[in-house]
1. Take B:H191, A:H111 and order them by how many other Cβ atoms sit within 10 Å, fewest up front.
2. Pop a pseudo-label 7 angstrom from the Cα along the beta-carbon direction at both B:T47 and A:K283 and give the gap in nm to one decimal.
3. Taking amide H positions as placed 1.01 Å from N in the peptide plane, with prolines and chain starts having none, which residues 5 or more places from A:V20, or on another chain, fall under 5 Å of its amide H?
4. What is the fewest-to-most order of A:S2, B:S61, B:S52, A:S342 by other Cβ atoms lying within 10 Å of their Cβ?
5. I'd like the orientation of helix B:176-188 relative to chain B: the angle between its Cα long axis and the longest Cα principal axis, in ° from 0 to 90, rounded to 10.
6. Taking the Cβ of each residue in A:H53, B:H201 as the centre, tally the other Cβ atoms inside 10 Å and list the residues starting with the fewest.
7. Please compute the average number of Cβ atoms from other chains found within 10 Å of each residue's Cβ in peptide A:345-352.
8. To the nearest 10 degrees, how steeply does helix A:282-296 sit against the main Cα axis of chain A, on a 0 to 90 scale?
Amino acid sequence: MSRREYLKNQKQKGRRLIGVFPAHYPREILWAFNSLPAEIWDPPLDIEGANAHLQPYICSVVKLGLELILQGKGDMLDGFLFPHTCDSIQNMASIVYDYLGVGKPCYFFYHPKAPYRPSSRRYYLEQLKSLVSRLERDLGPMDENELRRRVEQGHHLASILREIYDARRRGGLSASNADFYRMIRQGEYLHPDDFIPLLEDFLKASRGGDGKGPGVILSGVLPNPPEILNLLDELGVRVVDDDLLCCGRRIPMHTTMAQDPFEALVDSYFAMPPCTTKDSPLKGRVDYLLEKIAASKAKGVIFYLVKFCEPEWFDVPCMAEAVKEAGAAVLTVDVDLNQGLSGQLTTRIEAFVEMIGRQQEA
Amino acid sequence: MTAEDPIKNRDCVAGIDVGSLSTEALILDMECGTAGYAIVQTGANSTDAAVSALEKALAASGIERDQIRRIVATGYGRVSIPFSDKRVTEISCHAMGAFHLFPDTGIVIDIGGQDSKVIRVGEGGRVLDFAMNDKCAAGTGRFLEVMADKLQVALDDMGPLSLKAGGEIGISSVCTVFAESEVVSLVARNHPKEEIIRGLHRAIVNRVWSMVKGIGVRGAVTMSGGVAKNSGVVSLMEEKLGQPIHVYSEPQIIGALGAALVARRDLQDVQ
């Protein structure tokens, strides 16, 4: 079933569909309102109208998101949620809400940026409650027991994802790189009632890889163009872990079930890996990546970056330097989403694979 | 480096480098080293260019086709050589080729027809790190071709002419399209060609320099690719580096040489 068919089906079942822009937001609250977040990262569209509203140096995540609205592809959605991720998404939220007037509810969600202080927890808690109040105005009262149930479900989902990531890191997953991310990214629109069993089946069916081939780690925003994953598969390279905003960086490293579901959500937020969109200190990001390299014995890191993504690019030179100093190879590629693989990009990736292959031989 | 050895029972390997502008084939005798090579224009068909280059290299070396035990293809057209046994990127091949010719090579600067690369080379010609220019032909051989045409100067004369320049005209963009219109304006104002050419060379060097800085200079520097034949670019690059650069007498064949060396290594591994 295609994403569109699935969402249509969910709507027929009585769920409200909320289009959510990247990246961090409390999914459990939307689930508790019997709403389904449909995340908007890289819709497969040609950019026709968004360039009239956005500067040339805005990334293609934002351009494609706005394009989706301008082309009416989001008509099925009942509202939009704009997390405060970066200046460009904030700018788009303003264009959509203040200027275009989409005629659907628009929700805004702010989360604390690092460095964290005791007040950061209080701030986040207030933001969660403020989002609930705003949603209640449109959707009616939220059942707190339902929220507790959905928070528990979110924890369960996170634990399965961690198990899948652990299996892959240990070389115990047979799924190709392309299949792995196709599966993980379905979480961007599937309801947890459907996604969790799918993940469990995937884990069961994919256990038992041979762990052969050099391992690499992906760091960046999202694995698009997906052709890069296909190429890595063809070249016999295993992606052993990731530091991708849309994937690994949104899985809490641990979860604790506090009595109060809001407190549990706060715990989860602060248990997420370091991230550029939270202004995490560089040292924390470097340490996190180096730990991943050590744990997975990765031979290299591919910084798989969306062109003009400022938060990511700020950190890359220092991150790349630290990875090289740790003895792993680095490849930095900058892409426009959905652009496919150019001959030059293919050469860069193949040369990188040859390089780590020969280093392994040496 | 033409083939003088007509012995017909020797095992040989070949490397073929299909670039955007030219295609090179090089035959390596397993015992005696390079037997011969050929350079042809790539034109519109990579496969035809590869066949033609190989035939010419065989003719130049006096080697028969059935003496070739293994062929490695490289360059952007490496995927279009159905008779090759293996494909290796030009980044690995330029590192191998340059290291073979100049064993003290630490950095290779390869400026080809439509891209440029800076490669850090380690023991045995291994690639330790590399950078490649991004998505357009700015500051490459194609850039120089367009400018030579606009200035009505033979490509081969650009280097010597720029070395005679009494001064230098700054070119503000290395984008082929923008630089072309800038050159037209400079010609219209009767600026000396030599000074414009020197400015163009400076723009290329500055463009590549950012990649050199990113990779870091360690050891000797070798230039490969067609643009290494341009003495003006090499001279400005040496000035920027503050050290001399190795330039082989035929820098265009370094990629094909590297490919042939990979073929030889593979064959030796099997044997």
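Only the coordinates and a few stated rules stand behind these numbers; no lab work does. Keep in mind that what you see is a predicted model, and the values were worked out from it rather than measured. FYI the Cβ positions are ideal-geometry reconstructions off the backbone, even for glycines, and counts take in every protein chain you see.
1. The fewest-first ordering by Cβ neighbours comes to B:H191, A:H111.
2. So the label points at B:T47 and A:K283 sit 6.0 nm apart.
3. A:A38, A:E39, A:I40, A:L81
4. So the ranking, lowest neighbour count to highest, is A:S2, A:S342, B:S52, B:S61.
5. Approximately 50 degrees, to the nearest ten.
6. Fewest to most other Cβ atoms nearby, the residues stand as A:H53, B:H201.
7. 6
8. 60 degrees
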